[in-house]
């Protein structure tokens, strides 16, 4: 198989065909800024396409809140496909994954500072994994479940040549002061169903949600099979393999049980720090 397919169920006040085409563009060949070596030919070669669209009727209320409002929402099942060369043939689902529900900032109490519900400080994904994963070929896929906007705290990135910055245990594990210029930040708003895909050394952050509705997102990471995940004590699984397709995990219940087994195994053991940085390093003084 030379293309990968994924099925989506969408709800939109817009034309579903137009929404599906926008999803295909945002999830494959589109970038938010010019990248060296990116040509029209490269964009065309890596582009996603809409393979199938079946309308499923209309509803009055959307399943998830969003920025667009309408008296009716059209539902559809959409199949998108991508060239296999976009990601490679041997892919492992990395265990560093999150479901993020960011409530409106005005609804939070002063002591509610959990990292997944407030603003996210500047950091790099490689830096918040163990050092053994520094040589791993990894990618982060940040999925917008509801619209991510400037108002509700979309992702921001700082472009540049990839390098590891020192981090410090502040309110969160964050890039040490003075190492990046936040004035260079670029916001990355994305519609529900879209994705932001970035290198593990890309500095990124997200502001507080200043809107009146919750913002949902997933962030999922993938790495080349056989390379260190950066948190070896947590389970991973083979998501795709051309060499050994029988090793692919396709049963979500097995994935769930792997995490339950890991919890039972690790609970009585001494705590394993998930970050490598300590506050006594010179960069944190």
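Quick notes on this structure:
- Taking every C-alpha pair closer than 8 Å and separated by at least 6 residues, the mean separation divided by the residue count of the chain gives a relative contact order of 24 percent.
- The stretch between residue 181 and residue 244 holds 18.2 nm of extra length on full extension. This uses 0.36 nm per residue minus the Cα-Cα distance.
- Applying the Kirkwood pairwise sum to the alpha-carbon positions of the stretch 125-204 produces a hydrodynamic radius of 13.9 angstrom.
- Spacing of the two label points (7 Å from each Cα toward its C-beta) at residue 278 and residue 161, in nm: 3.1
- Rg ratio (alpha-carbon, reference 2.2 N^0.38 Å) - the stretch 79-156: 1.40
- Projected area, mean over directions - the stretch 90-257, Cα convex hull, nm²: 11.1
- What the Cα convex hull of the chain gives, in volume per residue, is 167 Å³.
- Within the chain, helix-based [θ] at 222 nm, where runs of 4 or more DSSP H residues each add -39,500 (n - 2.57), nearest 500: -3500 deg cm²/dmol
- Protection proxy ranking, peptides 247-260, 96-109, average beta carbon neighbours within 10 Å, highest first: 96-109, 247-260
- Across the stretch 90-257, Cα pairs under 8 Å and at least six residues apart give a relative contact order of 42 percent.
- On a per residue basis, the convex hull of the C-alpha atoms belonging to the stretch 199-261 measures out at 163 Å³.
Read-outs throughout are calculated quantities, based only on the coordinates presented, and are distinct from any laboratory measurement. Source: prediction; values computed, not measured. We place every Cβ from the backbone using ideal geometry, glycine too, and count neighbours over all the protein chains shown.
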